[in-house]
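Scroll down for the structure; my scribbles are underneath it.
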Amino acid sequence: MKHFLRMLFQVCLYFYCKFLWRCLKFVMRKLTGRCELQRICYSTKPGASRTMKIETSLRDSKSKLLQTSVSVHPDAIEKTIEDIMELKKINPDINPQLGISLQACLLQIVGYRNLVADVEKLRREPYDSDDPQHEEMLLKLWKFLKPNTPLESRISKQWCEIGFQGDDPKTDFRGMGLLGLYNLQYFAERDAAAAQQVLSDSLHPKCRDITKEETSKFSKAEWEKKRMDKAIGYSFAIVGINITDLAYNLLVSGALKTHFYNIAPEAPTLSHFQQTFCYLMHEFHKFWIEEDPTDIMEFNRVREKFRKRIIKQLRNPDMALCPHFAASEGLINM
């Protein structure tokens, strides 16, 4: 009975708040002479803050036209904006900037939805060793990461040298499909120096520097143990696939909207997603060294802590994950 009453209260509260919000919007329209879309565009700076407010306003509107505008084809955006202006009785000649602002927002919103679909398609496509294109990408990954070491054969223990689990990498792509391979190859090709350095560090890990403050907290026995402890490395390719999973979930959950709406002036693309993966790989590598885990069994703990840190950063509407390495030189804050 208590559960039913609680549910009934929540439903009533929802409809009350919705009614109250519509009344407030009506009053604001009468007082300012502007609809909600106008107020958002004129009072909120470009980027994630504006686009996310516009997206919420359109999605929650009682108008079918506004609700469906967030999922139109990119080629139909211009016509959709004309229809919205007409519906809201806004003269485009008097308010030319509104159309431009709405178009920029819709390009980002629709582009993000399309990006999710493109990424999902790659994730669902399994690696096929009978597909020449798949095999070519895999062999290129080896060449980019180990340019001075020839691969003796397609099935080889050498694959373990770049972090795969066995002699045939195709089995490691089952979780993320082709998306994992696409991301690894992009990182290895577009930022070869950084990728090779991360690979080298993962194979030959170095202990992080211990600060004077930390040193003062150690007992003599703890200090001796710390000096003898070896840094723990990780499997580069497997971690790359794992970070692909992290990037994928951030994208699908909508957490990456803050980042993409701040750095993509128009529609975010697959390249933006891959550049974000490069950034996450780079940052996770630094984070792993900072955490200084005692063994590889701590990987899930470190990964979860890293995930929470990234999500916390993305909650800032002004946040853009701005990389400082070659693969993402094109990313700029709006």
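The values are calculated or read from the model by the stated rules, or taken from the named source; none is laboratory data. This one's a predicted model, so the numbers in the text were calculated from it and none came from an experiment. In this analysis, Cβ positions are derived from the backbone assuming ideal geometry, glycine residues included, and neighbour counts consider all displayed protein chains. For the accessible areas, the whole protein counts, side chains as well, though only heavy atoms, and no ligand, DNA or RNA atoms are used. Shrake-Rupley method; radii C 1.70, N 1.55, O 1.52, S 1.80 Å.
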Practice item. Could you grab me the full set of residues in the range 288-311 that are modelled with pLDDT of 95 or more and aromatic (Phe, Trp, Tyr)? Key: PHE306
Revision key, fill the gap. (1) open to solvent by less than 30 Å² (accessible area, probe 1.4 Å); (2) at pLDDT 95 or above all hold for LEU331 apart from (2)
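Could you please let me know if LEU106 is under 23 Å from ARG50 (Cβ atoms), assigned to a helix (DSSP H, G or I) and touching a residue at least 60 places away in the same chain (Cβ under 8 Å)?
Values: under 23 Å from ARG50 (Cβ atoms): yes; assigned to a helix (DSSP H, G or I): yes; touching a residue at least 60 places away in the same chain (Cβ under 8 Å): no.
So LEU106 does not fit the description; no.
Can you spot a residue in the range 161-176 that is in contact with a Pro (Cβ under 8 Å, 6 or more places away or on another chain) and either modelled with pLDDT of 95 or more or of a type outside the set (Asp, Glu) (or both)?
Let us first name the residues in the range 161-176 that are in contact with a Pro (Cβ under 8 Å, 6 or more places away or on another chain), namely 173-174.
Add one more test, that the residue is either modelled with pLDDT of 95 or more or of a type outside the set (Asp, Glu) (or both), and what stays is 173-174.
Yes, the range 161-176 contains at least one residue that is in contact with a Pro (Cβ under 8 Å, 6 or more places away or on another chain) and either modelled with pLDDT of 95 or more or of a type outside the set (Asp, Glu) (or both).
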Study note, to complete from the structure: Expected single match for out of contact with any helix residue (DSSP H, G or I) (no Cβ under 9 Å at 6 or more places or on another chain), farther than 21 Å from VAL110 by Cα and in contact (Cβ under 8 Å) with a residue 60 or more places away in the chain among GLU290, GLU304 is GLU290
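So which residues in the range 42-61 are assigned to a helix (DSSP H, G or I) and open to solvent by 10 Å² or more (accessible area, probe 1.4 Å)? Working first, answer last.
Step one: of the range 42-61, the residues assigned to a helix (DSSP H, G or I) are 42-43, 48-59.
TYR42, SER43, SER49, ARG50, MET52, LYS53, GLU55, THR56, SER57, ARG59 - these are the residues of the range 42-61 that are assigned to a helix (DSSP H, G or I) and open to solvent by 10 Å² or more (accessible area, probe 1.4 Å).
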Check your understanding: Take the residues of the range 66-101 that are farther than 14 Å from CYS35 by Cα, touching a Leu at 6+ places or on another chain (Cβ under 6 Å) and aliphatic (A, V, I, L, M): which is surrounded by the fewest Cβ atoms within 10 Å (Cβ to Cβ)?
Key -> VAL70
Point to revise | When residues of the range 247-282 are limited to those that are of a type in the set (A, V, I, L, M) and assigned to a helix (DSSP H, G or I), the one surrounded by the most Cβ atoms within 10 Å (Cβ to Cβ) | key: MET281
